[in-house]
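Have a look at the structure below before the remarks.
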């Protein structure tokens with residue numbers, strides 16, 4: 001389980017290592033580090049910190065998850081065949097629905113971050129950790145509907161990877177304490193279970209773009225939940 005593989009997968013940092021799905025064992029850790037980086041931006045520039053933190057995250061990750069969000073919102077529409085949706089997911093162009101999804105995603109996370117309660121350093125680290133863990137859960141719980149990054153990622157996951165991810169998830173919730181440590185996973189379950197069912201019904205599984213969508217939705221839900229309690 002190579003943490004550098006996770007860093008290479010989730011960021012644009014110049015890491016050169018053998019890509020492996022076993023690196024997914026460290027996805028929550030990398031997410032936590034991204035959360036700490038976002039918290040540092042908020043601390044350094046208090047007036048515009050939340051918006052700049054969202055921008056910094058997009059830059060560090062290369063907009064990987066935003067791209068998945070936009071593609072899914074463009075593709076998974078009613079009355080389309082599964083083959084048509086998969087073709088749109090493979091298309092690099094962005095449509096109106098994808099553009100609107102990006103606007104909403106940035107706005108929601110920006111405002112949720114601006115109203116984050118408690119220790120921002122810990123809460124941002126945990127929020128981004130669980131959103132990266134959500135990708136592993138989604139990939140492991142659904143088949144891959146086509147060849148590509150999602151299929152390769154799913155094939156390389158193992159029970160050891162999932163155990164490591166679950167342990168980091170539990171540690172993050174424990175660090176939050178009561179009631180945030182209970183409220184956060186409950187909110188994730190409430191949001192991600194319908195997303196999983198939507199992927200299953202419309203696409204028959206989960207590809208790489210779906211993982212990016214999952215990360216964005218999970219991150220937004222986590223920030224909102226932690227801003228409430």
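FYI, it's all coordinate maths here, none of it is from the lab. A quick note: this is a predicted structure, and the numbers were derived from the prediction, not measured. Counting neighbours? That spans all protein chains shown, and the Cβs are built from the backbone with ideal geometry, glycine included.
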From the C-alpha gyration tensor of the chain, square roots of 5λ in Å: 26, 20, 17
Quick check: pseudo-label points 7 Å beyond the Cα along Cα→Cβ at residue 167 and residue 43, how many nm apart are they? 2.8
Specify the inter-centroid distance of region 53-70 and region 97-162, based on alpha-carbon positions, in whole Å. 11
Would region 90-187 count as rounded, prolate or oblate if I go by the C-alpha gyration tensor, calling it rounded below 1.5 in a/c and otherwise prolate when a/b exceeds b/c, oblate otherwise? oblate
Length gained, residue 17-residue 156, 0.36 nm per residue minus C-alpha separation, equals 48.5 nm
What percent do you get for the relative contact order of region 3-228 when only Cα pairs under 8 Å and 6+ apart count? 30
In a solvent-free Debye calculation with one equal scatterer on each Cα, what is log10 I(q)/I(0) for region 1-104 at q = 0.14 Å⁻¹, listed in the order of the q values? -0.71
Just to confirm the number: angle between the C-alpha axis of helix 180-202 and the first principal axis of the chain, 0 to 90 degrees, nearest 10? 10
Please state the equivalent ellipsoid semi-axes for region 160-229: what are the square roots of 5 times the Cα gyration tensor eigenvalues, largest first, in whole Å? 24, 15, 10
Relative to the chain, whose Cα atoms define the longest principal axis, helix 120-141 and its Cα axis are tilted in degrees, nearest 10, by 20
Computed [θ] at 222 nm, helices only, for the chain once each DSSP H run of length n ≥ 4 contributes -39500 (n - 2.57): -24500 deg cm²/dmol
Here, residue 183 and residue 93, labelled 7 Å along Cα→Cβ, have an inter-label distance in nm of 4.4
